[in-house]
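Trainee: Take a look at the following structure, please.
Throughout, read-outs are computed from the coordinates displayed, never taken from laboratory work. Only a predicted model underlies this, so the values are computations on that prediction, with no experimental measurement involved. Positions of Cβ are backbone-derived with ideal geometry, glycine not excepted, and every protein chain shown enters the neighbour counts.
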Amino acid sequence: MRRLLTLLLLLPGLALAADGIPPLPTDLGNADLPAMQRGFTAFQHYCAGCHSTHYQRYNQVATDLQLSEAQLQSSIMTDAKPFELMENAMSKKEAVRWFGMAPPDLTLVARVRGEAWLYRFLHGFYHDPKRPFGVNNLQYPYVAMPHVLQDLQGLAEPIYKTETVDGRSRQKVVGVGAAQGGQLSAEAYDRLVRDLVSYLAYTAEPMKQQRQHIGLWVMAFLLLFLFLAWMLKKEYWKDVH
């Protein structure tokens, strides 16, 4: 019985690992300050050239993430001022010429797509010579963007499965192999992905930590009010009962 329970607990992780993408970390998207700081730096260096987060301001992010002025200035990839919105470095006209469409703003992507989706997306690139940039994505097939972290992760080859449709056999991509040729180890790249997800989770809901902190005080007040209301009811009805 104990072995059966252990197997049932491990099944979700085994299912995710079967396609070559690491199982979802239990602390994915946690509000860990060092992780969000590293994620901000990584986002600015690898993502902000094409993607904006224009519902955020540089100085507010610096305040929330406790970044020094030097850290903030070194992370601004454009001529923007610290009080300005976080726009990308590429104009929409250039983006359409290069990619066929303007890359989306990523301020709310963690709420729209989910943190698990982002984690799998950043782990899901594989070699596909038929695509314009030579890569495809297991989580988001035919995505119209290059693998901007390829130098760090390396490039994975797809895992195929043969299936028969209408009497014809065809190859279907069901997973990705181990990435080769990257500057980072698999563990270091996974940490980078988790940092990016943590930062994007913050941008999607900057007030989350404060909201949760206030929520604890609200619950404490309601419990106290419930106790006082019960005592008052008991006092009013003592002569009736």
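Trainee: May I ask for the longest run of the chain untouched by chymotrypsin sites (Phe, Trp or Tyr not before Pro) that are loop-located per DSSP and have at most 12 neighbouring C-beta atoms (other than their own) within 10 Å?
Mentor: 143-236
Trainee: Name the lysines eligible as straight-distance cross-link partners of Lys81: C-alpha to C-alpha under 30 Å, and not fewer than 8 places from it in the same chain.
Mentor: Reachable lysines: Lys92, Lys93, Lys208.
Trainee: Give me the aspartates and glutamates in straight-line cross-link reach of Lys161: C-alpha distance below 18 Å, same-chain residues under 8 apart excluded.
Mentor: Asp19, Asp128
Trainee: For the stretch 159-190 and the stretch 50-96, what is the centre-to-centre distance using only Cα atoms, to the nearest Å?
Mentor: The two parts, judged by their Cα centres, are 35 Å apart.
Trainee: First measure r as the distance between the Cβ atoms of Lys161 and Leu226, then evaluate 1/(1 + (r/R0)^6) with R0 = 41 Å and state the FRET efficiency to the nearest 0.05.
Mentor: That gives a FRET efficiency of 0.10.
Trainee: 5 Å is the cut-off here: which amide hydrogens, built 1.01 Å from N in the peptide plane, fall below it relative to Gly182, excluding neighbours closer than 5 in sequence?
Mentor: Long-range HN contacts for Gly182: Gly154, Leu155.
Trainee: Starting at the first residue of the stretch 45-52, write each ³J(HN,Hα) from the Karplus equation 6.51 cos²θ - 1.76 cosθ + 1.60 with θ = phi - 60°, in whole Hz, x for Gly and Pro.
Mentor: Karplus-based 3J(HN,Hα) across the stretch 45-52 equals 7, 10, 10, 6, x, 10, 9, 9 Hz.
Trainee: How far apart, in nm, are the 7 Å Cα→Cβ label points at Lys93 and Lys172?
Mentor: 4.5 nm
Trainee: Explain nothing, just compute: Karplus ³J(HN,Hα) = 6.51 cos²θ - 1.76 cosθ + 1.60, θ = phi - 60°, for every residue of the stretch 31-38 in order, whole Hz, x for Gly and Pro.
Mentor: Calculated HN-Hα couplings, in order: 7, 9, 4, x, 5, 5, 5, 5 Hz.
Trainee: Report ³J(HN,Hα) in whole Hz for each residue of the stretch 171-182, in order, from the Karplus equation J = 6.51 cos²θ - 1.76 cosθ + 1.60 where θ = phi - 60°; Gly and Pro get x.
Mentor: Residue by residue, the stretch 171-182 yields 8, 10, 6, 10, x, 10, x, 6, 5, 10, x, x Hz.
Trainee: I would also like to ask the following. Please sort by residue number the trypsin sites (Lys or Arg not before Pro) in the stretch 102-140 whose DSSP state is loop and whose Cβ has at most 10 other Cβ atoms within 10 Å.
Mentor: Lys130
Trainee: Give me, ordered by chain and number, the residues 5 or more places off Val176 or on other chains with an amide H under 5 Å from its own placed amide H.
Mentor: The answer is Gly20, Ile21, Ile159.
Trainee: Please compute the contact order of the chain in relative form: average sequence separation of alpha-carbon pairs under 8 Å and at least six residues apart, divided by the residue count, as a percent.
Mentor: Value for the chain: 23 percent.
Trainee: Name the long-range amide H neighbours of Glu84: under 5 Å, sequence gap of 5 or more, or other chain; modelled H, no Pro or chain starts.
Mentor: Tyr58, Asn59
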